[in-house]
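Below is one structure; the comments refer to it alone.
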Amino acid sequence: MAEPGAGRTVTADQPIDLACTLAPLGRGSGDPCHRMTPDGAHWHASRLPTGPVTYRLTQSGPCAVEACAWGPGAAEFLDGLERMLCLAEDLSAFAPDHPKLVDAHRRFPGLRMLRTGLVFEALVPAVLEQKVHSISARASWRKLVRQFGESAPGPAPEGLKLPPDADTWRRIPSWTYHRANVGPQRAQTIVRAARVADSLERAARVDPAEAARMLRSVPGIGVWTAAEIAQRAFGDADALSVGDYNLAAAVGWSLLGRPLDDDAMVEYLEPLRPHRYRAIRLLEISGHFHKPKFGPRTPLTDHSWH
């Protein structure tokens, strides 16, 4: 018999689009920590301050989400669910005028930001994705989590894993990172961050500018990585991933019909502050986000065989 879990249902005055809201949590279809099952349930395994948790979220109505959780962190997770799904967001100041953004905002009123509050959990996969193809980064994430993660508590889907804790990431040997196709710079950044993981978790409780400063105090974490963390851990609707290989050009092609560089993208999106990341997410989920393909994709680099 399956272990009983704690549960609750949260509701809001406005729509909640659970699938679109949770999408940034998953790191590819094979993410060992995240799973969507055929019944439409979203499963995730995390480490909370009170302990590990496996949670299952389902859309139970246009404005309702049903949650069930297992493990020592279950009560903490359920208590913080409204905060995680940013149900108290005030969107009154978000009034885009570009037709594509207007259309996307109208079609997807249930898109919420994510505020897991889990800084280090968001940091590791973001560092793995620095300056490499997402296919390679996600393969590295899968390999390392499967090797060093633990089985998720409760009646989780087969293979669902808790991510390794900070001390485990710190102690992974350099050659093991290498075999997982993680170069020395990224591996060293993860190890440095793991050494100060407890301090970094405090970034979830300060304002965005101070949080970014705290994250960037770790050598190897720059503007792009700090933004990727903020998008998932802080619910920061303005966290723009400046420095992304494709983002600026894709924004330009999507909204202006021509490519932009980072500086031009920042200038163009300035009127949307403090909702620049929200605008990016709306473009992504609405199908308006695109960039013409003029040449081969970024090459995949595999260092693991050397």
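The values are calculated or read from the model by the stated rules, or taken from the named source; none is laboratory data. The shown structure was predicted, so the numbers you read here are calculated from the model rather than taken from an experiment. Note that each Cβ is placed from the backbone with ideal geometry, even for glycine, and that neighbours are counted across all protein chains shown. The accessibility values were calculated without ligands, DNA or RNA, using every heavy atom of the protein model including side chains. Shrake-Rupley method; radii C 1.70, N 1.55, O 1.52, S 1.80 Å.
Listed values, structure above:
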{"item": "Condition check for Met36: modelled with pLDDT of 95 or more, aliphatic (A, V, I, L, M) and touching a His at 6+ places or on another chain (Cβ under 9 Å)", "result": "yes"}
{"item": "Extreme residue, surrounded by the most Cβ atoms within 10 Å (Cβ to Cβ), among residues of segment 19-42 that are touching a residue at least 40 places away in the same chain (Cβ under 8 Å), out of contact with any Asp or Glu (no Cβ under 9 Å at 6 or more places or on another chain) and among the aliphatic types (A, V, I, L, M)", "result": "Leu22"}
{"item": "Condition broken by Ala88, with the remaining ones in (1) among the aliphatic types (A, V, I, L, M); (2) closer than 27 Å to Ala139 by Cβ; (3) open to solvent by 20 Å² or more (accessible area, probe 1.4 Å) satisfied", "result": "(2)"}
{"item": "Criterion violated by Ala45 - all others in (1) buried (at least 20 other Cβ atoms within 10 Å of the Cβ); (2) in a loop (DSSP other than H, G, I, E, B); (3) out of contact with any helix residue (DSSP H, G or I) (no Cβ under 6 Å at 6 or more places or on another chain); (4) of a type in the set (A, V, I, L, M, F, W, C) satisfied", "result": "(2)"}
{"item": "Residue match in segment 132-150 (condition: in contact (Cβ under 8 Å) with a residue 40 or more places away in the chain, within 30 Å of Thr11 (Cα to Cα) and within 17 Å of the chain's Cα centre (by Cα))", "result": "no"}
{"item": "Any chance Ser92 is closer than 19 Å to Ala23 by Cβ and of a type in the set (Ser, Thr, Tyr)", "result": "no"}
{"item": "Any hit, segment 49-60, residues being in contact with a Phe, Trp or Tyr (Cβ under 8 Å, 6 or more places away or on another chain), part of a strand (DSSP E or B) and surrounded by fewer than 19 Cβ atoms within 10 Å (Cβ to Cβ)", "result": "no"}
{"item": "Some residue of segment 2-17 being in a loop (DSSP other than H, G, I, E, B) and at positive phi", "result": "no"}
{"item": "Search result, residues across segment 153-180 that are within 15 Å of Gly30 (Cβ to Cβ) and in a loop (DSSP other than H, G, I, E, B)", "result": "Pro157, Glu158, Gly159, Leu160, Pro163, Ala180"}
{"item": "Residues located in segment 129-152, provided they are outside any helix (DSSP H, G or I), open to solvent by 30 Å² or more (accessible area, probe 1.4 Å) and touching a strand residue (DSSP E or B) at 6+ places or on another chain (Cβ under 8 Å)", "result": "Glu150, Ser151"}
{"item": "Among residues of segment 111-128, those that are open to solvent by 30 Å² or more (accessible area, probe 1.4 Å) and touching a helix residue (DSSP H, G or I) at 6+ places or on another chain (Cβ under 6 Å), counted", "result": "2"}
{"item": "Those residues of segment 97-110 which are of a type outside the set (Gly, Ala, Ser) and surrounded by fewer than 19 Cβ atoms within 10 Å (Cβ to Cβ), in sequence order", "result": "Asp97, His98, Pro99, Lys100, Val102, Asp103, Arg106, Arg107, Phe108, Pro109"}
{"item": "Odd one out for Glu228, checked against (1) open to solvent by 30 Å² or more (accessible area, probe 1.4 Å); (2) closer than 15 Å to His275 by Cα; (3) not small (Gly, Ala, Ser)", "result": "(1)"}
{"item": "Restricting segment 153-190 to residues that are among the aliphatic types (A, V, I, L, M) and over 20 Å from His44 (Cβ atoms), the residue that is surrounded by the most Cβ atoms within 10 Å (Cβ to Cβ)", "result": "Val182"}
{"item": "Pairs with Cβ under 8 Å, 6+ apart, first in segment 105-117 and in contact (Cβ under 8 Å) with a residue 40 or more places away in the chain and farther than 10 Å from Ala230 by Cα, second polar (S, T, N, Q) and open to solvent by 30 Å² or more (accessible area, probe 1.4 Å)", "result": "Pro109/Gln14; Gly110/Gln14"}
{"item": "Breaking point among (1) touching a helix residue (DSSP H, G or I) at 6+ places or on another chain (Cβ under 9 Å); (2) assigned to a strand (DSSP E or B), for Gly30", "result": "(2)"}
{"item": "Some residue of segment 231-249 being among the aromatic types (Phe, Trp, Tyr) and surrounded by fewer than 18 Cβ atoms within 10 Å (Cβ to Cβ)", "result": "yes"}
{"item": "Matching option when the condition is farther than 23 Å from Phe108 by Cα, within 21 Å of the chain's Cα centre (by Cα) and not β-branched (Val, Ile, Thr), among Leu57, Leu78, Leu87, Leu18", "result": "Leu78"}
